[in-house]
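Here the structure comes first, spelled out in C-alpha cells, and everything after it is commentary.
The values are calculated or read from the model by the stated rules, or taken from the named source; none is laboratory data. Since this is a predicted model, take the numbers as computed values, not measurements. Here the Cβ positions follow ideal geometry from the backbone for every residue, glycine too, while neighbour counts run over all protein chains shown.
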Amino acid sequence: MDKLLEILQGIRPDVDFVNETELIDEGILDSFDVVSIISEIDDAFGVQIRINELDPENFNSVEAIWSLIQKLK
Amino acid sequence: MAFFEFNNIRVAGVACAVPKNVVESESYKPIFGDEEVDKFMAMTGVKVSHRTLEHQTCSDLGYRAAKELLAHKGVKSEDIGALLFSSHSPDYRRPSTAFVLQYRLGIPEEAVCYDISLGCSSLVVGMQTMASILSTSDMKYGLLFVGDTAGKSVNPNDRSSAMLFGEAGAVMLMEKTQDSTDEVKALIRSDGTGFKYMIIPGGGYRNLHASEDVEMCADGNERSLMNSFIQGASVFTFTIFDVPRLIKDFWTKTGTTPQDYDCFAFHQANLYILKQIAKKTKIPFEKMPITLDRYGNTSGASAIVSLCDVYGGSTEASTIKVMACGFGIGISLGATSFEINTADILPIMEDDEIYAEGLITYPNQLYEKK
C-alpha cells in the first residue's frame, strides 16, 4: 500500500491520504484526479479499472482504492 | 481483426482550414471560475480554439481546403472518382453533405459520393474506406473530407466540453498508383457498449423532437437532450487502456516499431490523454505534434491539422512516414500508416466563407426560381 500512497501523494500532495476517508464524498478529489489515479495504477500495478468499477465508494480512501486493486489483480 | 493493407494507394496531399473566429479558454473564467479554467487548461492543453460562425459548416472549411489542395496538386475536379465526407457535422439531416461538396467542386456524376457518420476516428476509417474504393475500382483519385463543428452542440455552461472543442475542416487527396511500395495500412476497432459515452440523445429519429429544456445533470453540468454529452471518466478509461493496446497491435501486425515513424499524427483528444498514450506505448512525445493549445480538440480533422501545423509551407520537400490514430465517439478507434511528401502538406488556412446557396431559411426558398 506504500506504493499506492506514494502515487496518490504524487498526484495530490496537498491531500492527507493517510487519514481521509471521504475523498470523493467530500469533493476532495475531482474527476481529473480520479482519471490520473486510474492511469498511474495501471502503470504501477498492471490493473485496469474500468467504468463499472468507478463507484465513488472505491475511491473514498486509500484503503478502498487498495481493496479495489487487490480485487482486480 | 479488421486489419487492412493496400499496396497501390498513396496519400497525395492534405490541407485544412479553420474559422477566423478565435475563442480563448481564459475568456471562460467569469463563467467557470479561475481555478476551474486554469486546471482545465493544464489538463487538456487547450488555450485557444477557432469556432465557426452561425451558418458556417465543416463542409465550408473543407471546401476551401479542397480547392487549395487540388490547385496545388494540379488535379482537376473531373479527375475525382470518389468523394467521402466523414464527419458528425453534416450540413443537413439529409442528404449527405458529400453531394453538396460534389456540386460545389464540380465533381462529375460518374463519381461515388457519400457520408460516413463518425467523429474522432473519421480520418482512419475514412482512409480505409477510400483506399478500398480506389483499389477495387477504375478510379485514380479520391477526396476524403474530415472534421467537425462539435462546439455547436455543446451547452455553453457545460464545463466538461465548452472549452474543449475547436472546429476545422480537413481534406486528404488519395491516389491509386502502380507502385507496390505505396502502402496504406489500417487497424480498426469498434465498441458499441460505449455508445452512450459521447452522444447527442435528441434530434435523431429515435427522439426527433426532443425537448430543448436544459437540466442540471448529475455531473454538475447543464444540458438539454439536444446538447452533446461526454462522460469523461468513461471515455478516459477507454482511451488509456484500449488505445495503447490498439497501437501496439498495429505495430505487431505491420512488423514496425515506433522508430519506423517520423511523425505520430494522433487525434488531439486532450494533452493529458496524449501524454498517457505516449507513455504507455513508449512513443517519443517529441514526435507527436500538439495543436491543442492553438486549435483545441478538432475531432476527426485534428491529425491533419497537426500535420499542416508542423509541415505546412515547408520549403524542404521530403517523404515522411506517418502513423495516425483516431479514437472517440462510437466507441470507434483506429490506427493507420502512410507516407507523404511534406511539400504536399499545405499550411493551415483561415476562412469564414459561408455557402450562401446552401443556406435555406424558409420553406418556399426551395421553390424560388434562380
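Values computed for the structure shown
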{"item": "Selected residue (only one of A:I7, A:I24, A:I11, A:I38 is in contact with a Pro (Cβ under 6 Å, 6 or more places away or on another chain) and closer than 19 Å to B:T237 by Cα)", "result": "A:I24"}
{"item": "Flag for B:L346 being aliphatic (A, V, I, L, M) and more than 20 Å from the chain's Cα centre (by Cα)", "result": "no"}
{"item": "Strands (runs of 3 or more DSSP E) fully within the stretch B:1-63 counting 3 or more residues that are in contact (Cβ under 8 Å) with a residue 40 or more places away in the chain", "result": "B:2-6, B:9-18, B:48-50"}
{"item": "Those helices (runs of 4 or more DSSP H) lying entirely in the stretch B:193-306 with at least 2 residues more than 13 Å from chain A (Cβ to nearest Cβ)", "result": "B:232-254, B:292-295"}
{"item": "Residue match in the stretch B:333-355 (condition: out of contact with any Asp or Glu (no Cβ under 8 Å at 6 or more places or on another chain), assigned to a helix (DSSP H, G or I) and among the small types (G, A, S))", "result": "yes"}
{"item": "Complete set of residues in the stretch A:40-51 that are at the interface with chain B (Cβ under 10 Å from one of its Cβ atoms) and closer than 24 Å to B:T193 by Cβ", "result": "A:D42, A:Q48, A:I49, A:R50, A:I51"}
{"item": "Flag for A:E57 being surrounded by fewer than 19 Cβ atoms within 10 Å (Cβ to Cβ), within 23 Å of B:S234 (Cβ to Cβ) and more than 14 Å from every other protein chain (Cβ to nearest Cβ)", "result": "yes"}
{"item": "Tabulated pairs, the stretch B:241-254, first within 17 Å of B:A265 (Cβ to Cβ), second hydroxyl-bearing (S, T, Y) and modelled with pLDDT of 95 or more, C-beta under 7 angstrom, 6+ apart or interchain", "result": "B:P244/B:T281; B:I247/B:T281; B:W251/B:T257; B:T254/B:S337"}
{"item": "Lone qualifier among B:G220, B:G194, B:G232 - being on the phi > 0 side of the Ramachandran plot and either modelled with pLDDT of 95 or more or small (G, A, S) (or both)", "result": "B:G220"}
{"item": "Condition met for B:V23 (within 23 Å of B:N221 (Cβ to Cβ) and within 14 Å of chain A (Cβ to nearest Cβ))", "result": "no"}
{"item": "Candidate set: the stretch B:314-370, residues that are aromatic (F, W, Y) and surrounded by fewer than 23 Cβ atoms within 10 Å (Cβ to Cβ); chosen: the one nearest to B:F195 (Cα to Cα)", "result": "B:Y355"}
{"item": "Selection from the stretch A:11-39 of residues that are within 14 Å of chain B (Cβ to nearest Cβ) and loosely packed, with under 12 Cβ neighbours inside 10 Å", "result": "A:D14, A:G27"}
{"item": "Residues being within 17 Å of B:H267 (Cβ to Cβ) and among the basic types (K, R) - total across the stretch B:300-345", "result": "0"}
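Conditions (1) over 27 Å from B:L346 (Cβ atoms); (2) in contact with a Pro (Cβ under 6 Å, 6 or more places away or on another chain); (3) modelled with pLDDT under 95, marked per residue:
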{"position": "B:N21", "(1), (2), (3)": "no, no, no"}
{"position": "B:Y28", "(1), (2), (3)": "yes, no, no"}
{"position": "B:E35", "(1), (2), (3)": "yes, no, yes"}
{"position": "B:A42", "(1), (2), (3)": "yes, no, yes"}
{"position": "B:G62", "(1), (2), (3)": "no, no, no"}
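Let's see how each residue does on (1) more than 9 Å from the chain's Cα centre (by Cα); (2) touching a residue at least 40 places away in the same chain (Cβ under 8 Å):
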site	(1), (2)
A:D30	yes, no
A:I41	no, no
A:A44	yes, yes
A:Q48	yes, no
A:L54	yes, no
A:L72	yes, no
